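The values are calculated or read from the model by the stated rules, or taken from the named source; none is laboratory data. Predicted model, so just to flag it, every value in this text is computed and none were measured. Methodologically, a virtual Cβ is constructed for each residue, glycine included, from the backbone with ideal geometry; neighbour enumeration extends over all protein chains shown.
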Amino acid sequence: MVTEPGILLTVVGGYLGAGKTTLLNHVLRDAGDRRLAVLVNDFGAINIDAELIESRDGEMVSLTNGCICCGIGGDFIAALASLRDVDDPPEQVVVEASGVADPAQIAVFGDMPGYVRDAVVVVADAETVRARAEHPDTGHQVRAQLRAADLLVVNKTDLVEPAALADTRAWLRELAGPSTGIVDAAFGRVPTDVLIGARAVAAEDKRPAPPAGDHAEHDHDHAHDHPHYETWSWSGEAALSGAGLVEELQALPEGIVRAKGILHLREDPQQRYVLQLVGRRYSIEARGTWGGDVPASRLVVIGLPGSVDEQALDATLGRLSLAASARDAG
């Protein structure tokens with residue numbers, strides 16, 4: 001079944017005070033040439049630099065970088081529909097869930113016409129998340145939020161010692177399960193390509209992959225800064241073995257937090273396929289024929305330091321290309 005392209009819907013959740021708004025501020029500053037719309041519960045909490053504001057219209061602020069920031073007034077579905085139906089709709093909508101909301105329930109709106117469900121990103125306060133999760137009044141809610149995540153952002157790592165952070169990460173891994181990606185952050189600073197399914201995977205998008213560690217520099221001197229990220233990109237016109245690619249995706253090291261790309265697959269060479277991977281969860285979906293474009297694959301992988309083995313990845317994609325060619329020749 002072919003999935004028609006739509007606006008990607010990303011949900012950012014997490015308990016009160018975890019740092020969701022700080023993360024969204026960073027997303028707006030780090031948007032580059034992406035055309036984003038951000039829906040927030042408390043519009044006034046988003047600190048938008050004056051030089052970025054192009055115009056204001058009630059609950060909507062248009063930014064010079066093409067982004068839109070909206071407050072969620074009454075009807076959330078109406079807000080999504082209005083963004084979808086404008087003459088020049090955004091490529092991506094990022095929704096900040098309330099600190100007491102279940103982000104999984106909001107993510108289902110990514111199935112409404114004109115949208116495509118993207119990852120649920122849950123922000124956890126490294127200093128307080130375990131206490132919140134074990135408290136009799138807040139525990140059920142916090143654990144439900146954490147279990148809903150495709151990607152967990154362990155924020156405020158500058159406030160905890162390395163040993164305590166390692167214990168918290170191990171606890172989160174056990175709670176969330178092996179398929180959830182986990183990344184560390186301070187001040188909500190995680191590269192936007194890690195957080196959301198940016199339309200760099202669209203065939204029309206020719207932007208190069210971001211360089212390793214391409215994010216804002218830390219403004220303060222702390223003993224435990226957030227890690228840099230490594231990236232790897234690959235392109236080729238030869239069709240890939242889809243079955244072999246699935247096996248390789250399942251074998252990626254845990255440090256790989258994001259992968260995305262356009263795929264030219266031997267099993268269905270007339271169709272253009274899109275790969276999205278967050279943590280251990282991935283999807284490969286048909287997105288129409290190639291039309292006048294030359295069929296080709298383009299992949300980007302983002303991971304924690306030491307997890308991106310460029311030589312091994314190059315060899316793997318070369319092997320998948322040869323495997324497909326050998327089957328065709330046979």
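Whether any residue in region 158-172 is of a type in the set (Phe, Trp, Tyr), surrounded by fewer than 19 Cβ atoms within 10 Å (Cβ to Cβ), under 27 Å from Val38 (Cα atoms) and in contact (Cβ under 8 Å) with a residue 24 or more places away in the chain is what I want to check. First the steps, then the outcome.
Initial filter on region 158-172 (of a type in the set (Phe, Trp, Tyr)): 171.
With the extra rule that they be surrounded by fewer than 19 Cβ atoms within 10 Å (Cβ to Cβ), the set shrinks to 171.
So of that shortlist, the ones also under 27 Å from Val38 (Cα atoms) come out as none.
No - not one qualifying residue is present in region 158-172.
Scan region 190-204 and tell me whether some residue there is of a type outside the set (Ser, Thr, Tyr), touching a His at 6+ places or on another chain (Cβ under 6 Å) and either at pLDDT 50 or above or not assigned by TED's automatic domain parsing to the domain that holds Lys260 (or both). Give the derivation first.
Going through region 190-204, the residues of a type outside the set (Ser, Thr, Tyr) turn out to be 190-191, 193-204.
Checking which are touching a His at 6+ places or on another chain (Cβ under 6 Å) leaves us with 191.
If we keep only those that are either at pLDDT 50 or above or not assigned by TED's automatic domain parsing to the domain that holds Lys260 (or both) as well, we get 191.
Checked region 190-204: at least one residue is of a type outside the set (Ser, Thr, Tyr), touching a His at 6+ places or on another chain (Cβ under 6 Å) and either at pLDDT 50 or above or not assigned by TED's automatic domain parsing to the domain that holds Lys260 (or both).
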### Query
With respect to the numbered conditions (1) of a type in the set (S, T, N, Q); (2) closer than 21 Å to Tyr282 by Cβ; (3) loosely packed, with under 14 Cβ neighbours inside 10 Å, which one is the sole condition not fulfilled by Thr180?
(3)
### Query
Restricting to region 244-263, what's the tally of residues that are farther than 18 Å from Arg298 by Cβ and crowded, with 20+ Cβ neighbours inside 10 Å?
1
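So that you can scan it fast, the table gives a plain yes or no per residue for (1) touching a Ser or Thr at 6+ places or on another chain (Cβ under 6 Å); (2) surrounded by fewer than 15 Cβ atoms within 10 Å (Cβ to Cβ); (3) of a type in the set (A, V, I, L, M); (4) modelled with pLDDT of 90 or more:
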| position | (1), (2), (3), (4) |
| --- | --- |
| Ala78 | no, yes, yes, no |
| Asp88 | no, yes, no, no |
| Ala97 | no, no, yes, no |
| Gly114 | no, no, no, yes |
| Val122 | no, no, yes, yes |
| Glu134 | no, yes, no, yes |
| Thr138 | no, no, no, no |
| Lys156 | no, no, no, yes |
### Task
Kindly indicate whether Ala286 is touching a His at 6+ places or on another chain (Cβ under 6 Å) and over 21 Å from Ser179 (Cα atoms).
no
### Query
For Gly236, which of the numbered conditions (1) surrounded by 15 or more Cβ atoms within 10 Å (Cβ to Cβ); (2) modelled with pLDDT under 90 fails to hold?
(2)
### Message
Take residues that are under 16 Å from the mean Cα position of the chain (by Cα) and not polar (S, T, N, Q) and tell me which of the helices (runs of 4 or more DSSP H) falling wholly in region 70-183 contain 2 or more.
### Response
103-107
